[in-house]
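Below is one structure, written out as structure tokens, with a few remarks after it.
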Amino acid sequence: MQAIKHVVIAGGGSAGWMTAAALKKVFGAKLTISLIESPSIGTVAVGEATIPQIRQFNQLLGIDENAFLAATAGTFKLGIEFLDWGKLKSSYMHPFGPYGVNLNGVQFHHYWLKRKQQGSDCAILDYCLEGCLAKQNKFNRSAGQTTKGPTPINYAFHFDAKRYAQFLQKYALDIGVKHIQGAISKVILNQDTGFIESVALNDDTQIDGELFIDCTGFKGKLISGALHVGFESWRHWLPCDSAIAIAAASIDELKPYTQAKAHKNGWQWQIPLQHRVGNGRVFASEFTDSSSQMDKLLSSLSSTSISEPNQLHWHNGRRLKAWHKNCVAIGLSAGFLEPLESTGLQLVQSAIMRLISLFPSKGFSQVDIDIYNRYTKQEIISIRDFIIAHYKVTQRNDSEFWRYCSAMEIPDSLSERIELFRSNGRIFRENNELFNELSWFSLLHGQGINPQAYHPLVDTLESEQLEQYLIKIKQMINHTAASLTSHSDFIQRHCASS
């Protein structure tokens, strides 16, 4: 039961520096952390969109939010707008805040569904504060003061991925993380146990360690290259495997949400930052070529391009084991899901917190490793199903790509969830999965599924009571939204980047 004293992190970027910063913050002087980073390998993306859980990570580190946003040219994010997904000319928002207020233990959307069946034309987004603020380009950290304190608004961030890695690097170095620059040329294994003993760099420097964390990206130099952990492909469910990213000049109006617009062979993102706009065109290489997608991306920019295009390729899927022997894969080396719902950094964050909870001794208890791997698998599979649903639940048939997606067989776990919602509007969150009832309702309803029924407890409310209930919620949201400032003004006052 001897305590581990030296952790070696292979790879930098967001995953490596997030891991280094968090472990050093939690364990302090009891843990020596060495991060090996090759100066020739850059960050994968030109921009990052996140989900609200990233704020918990920042709070763990004790990061000042305004300073963090100023350093990364960040903006706020209240949700994701989806265009042309369910069908052409359609749009919906996946907001980060709840719809209405649940009543009698029944989710709010059931009450809204009944009113809709009675002929109401009120959009579901009218009952979500975060959604209304997003569409009005407004923002604040709270919705006002009550006797119990400020009422929080649920939000995340957009920020420059390279600046974020630099910000975390400085933070980690300031608290004692050791930074080693060099490329790993060889991984040395113990001949008896198969554990990693050390890694060798190109200059023959050898770095010994007790626990190794693989943040080397898609290649997985340690977990795959040395330990040969297998890989489970999800290409048949998630055929988009490529992207072209490019930065464009900043725009005056900073929208507090990400845009994801579907096209004939995939989708395109737009992420507003303070100093530029991040753009990327995601596509399935089986159905189109990069040259034509490059042309379409450049012709669709809302402002002048200010960078060279960055071409990305990946394989959606997961390592069969994220933790094997004395090596833990975190980030792209553990698995990858396309960036549609901004879950990349969330998978890094949850892996770090899971590792802290199950942090090993030199004995490396197998039960700890098994539990870590089980929960890692459950998490990424639940996210996988959520992303698959964007492609499956569609009426689009205007291209070979969309015809493939609408006809493809999907996991039983997803089929059951879709049919449950289709029949009576019910959504059940399992095992504290990342995407809750709000997220699933936004997706399934937004892409065209109208439930055949609603929860029977809704009928205990008289029609007039139901009408007044909905009116009151909408009025409260409108009143709050009217009192808040614009997203751009808030940034200028609190966290403008220099």
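The values are calculated or read from the model by the stated rules, or taken from the named source; none is laboratory data. Predicted model only: the values in this text are computed from it and were never measured. Neighbour counts are summed over all protein chains in view; Cβ atoms, including those assigned to glycine, are modelled from backbone coordinates with ideal geometry.
Here are some notes:
- Of the strands (runs of 3 or more DSSP E) lying entirely inside the stretch 280-343, the ones with 3 or more residues being at pLDDT 95 or above are found at 317-319, 327-329.
- Among the residues listed as 107, 169, the single one being over 21 Å from residue 494 (Cβ atoms), assigned by TED's automatic domain parsing to the domain that holds residue 340, among the polar types (S, T, N, Q) and crowded, with 18+ Cβ neighbours inside 10 Å: 169
- Taking the stretch 344-365 as the range and being more than 17 Å from residue 321 (Cβ to Cβ), part of a helix (DSSP H, G or I) and not hydroxyl-bearing (Ser, Thr, Tyr) as the test, the residues that pass are 344, 345, 346, 348, 349, 352, 353, 356.
Matching residues to (1) surrounded by fewer than 20 Cβ atoms within 10 Å (Cβ to Cβ); (2) in the same structural domain as residue 405 (by TED's automatic domain parsing):
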site: 12; (1), (2): no, no
site: 24; (1), (2): no, no
site: 37; (1), (2): no, no
site: 52; (1), (2): yes, no
site: 62; (1), (2): yes, no
site: 72; (1), (2): no, no
site: 103; (1), (2): yes, yes
site: 113; (1), (2): no, yes
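- Odd one out for residue 394 among (1) of a type in the set (Ser, Thr, Tyr); (2) over 24 Å from residue 245 (Cα atoms); (3) not in a loop (DSSP other than H, G, I, E, B): (3)
- Some residue of the stretch 144-157 being under 23 Å from the mean Cα position of the chain (by Cα), within 20 Å of residue 50 (Cβ to Cβ) and modelled with pLDDT under 95: yes
- Of all residues making up the stretch 111-142, the number that are over 19 Å from residue 451 (Cβ atoms) and of a type in the set (Val, Ile, Thr): 0
- Flag: residue 422 matches the condition of being among the charged types (D, E, K, R), in a helix (DSSP H, G or I), in contact with a Pro (Cβ under 7 Å, 6 or more places away or on another chain) and farther than 25 Å from residue 285 by Cα.
- Being farther than 30 Å from residue 70 by Cα, in a loop (DSSP other than H, G, I, E, B) and modelled with pLDDT of 95 or more is a property that does not hold for residue 176.
- On inspection, residue 368 fails the criterion of being assigned to a loop (DSSP other than H, G, I, E, B), over 25 Å from the mean Cα position of the chain (by Cα) and either of a type outside the set (A, V, I, L, M, F, W, C) or more than 21 Å from residue 449 (Cβ to Cβ) (or both).
- The set of residues from the stretch 195-208 being among the small types (Gly, Ala, Ser) and in contact with an Asp or Glu (Cβ under 8 Å, 6 or more places away or on another chain) comprises just one member, 198.
- Every condition in (1) under 30 Å from residue 486 (Cα atoms); (2) of a type in the set (A, V, I, L, M); (3) assigned to a strand (DSSP E or B); (4) at pLDDT 95 or above is met by residue 168 except one, and the failing one is (3).
- Residue list for the stretch 351-367, filter: in contact with a helix residue (DSSP H, G or I) (Cβ under 6 Å, 6 or more places away or on another chain) and either under 17 Å from residue 156 (Cβ atoms) or crowded, with 22+ Cβ neighbours inside 10 Å (or both): 352
- Within the stretch 78-104, being among the polar types (S, T, N, Q), touching a Phe, Trp or Tyr at 6+ places or on another chain (Cβ under 9 Å) and more than 30 Å from residue 397 (Cα to Cα) holds for one residue alone: 102.
- Residue list for the stretch 150-166, restricted to those being surrounded by 20 or more Cβ atoms within 10 Å (Cβ to Cβ) and in contact with a strand residue (DSSP E or B) (Cβ under 7 Å, 6 or more places away or on another chain): 153, 155, 156, 157, 158, 159, 161, 164
- Scope the stretch 230-259; condition within 16 Å of residue 85 (Cα to Cα), buried (at least 23 other Cβ atoms within 10 Å of the Cβ) and either touching a strand residue (DSSP E or B) at 6+ places or on another chain (Cβ under 6 Å) or at pLDDT below 95 (or both); matching residues: 240, 258
- A count restricted to the stretch 407-434 and to residues that are aliphatic (A, V, I, L, M), closer than 22 Å to residue 379 by Cβ and free of Cβ contacts under 8 Å to residues at least 24 places away in the same chain stands at 1.
- Test: residue in the stretch 214-229 that is more than 25 Å from the chain's Cα centre (by Cα), surrounded by 15 or more Cβ atoms within 10 Å (Cβ to Cβ) and not in a helix (DSSP H, G or I): yes
- Selection count where residues are at pLDDT 95 or above, within 30 Å of residue 467 (Cβ to Cβ) and part of a strand (DSSP E or B), scope the stretch 64-105: 8
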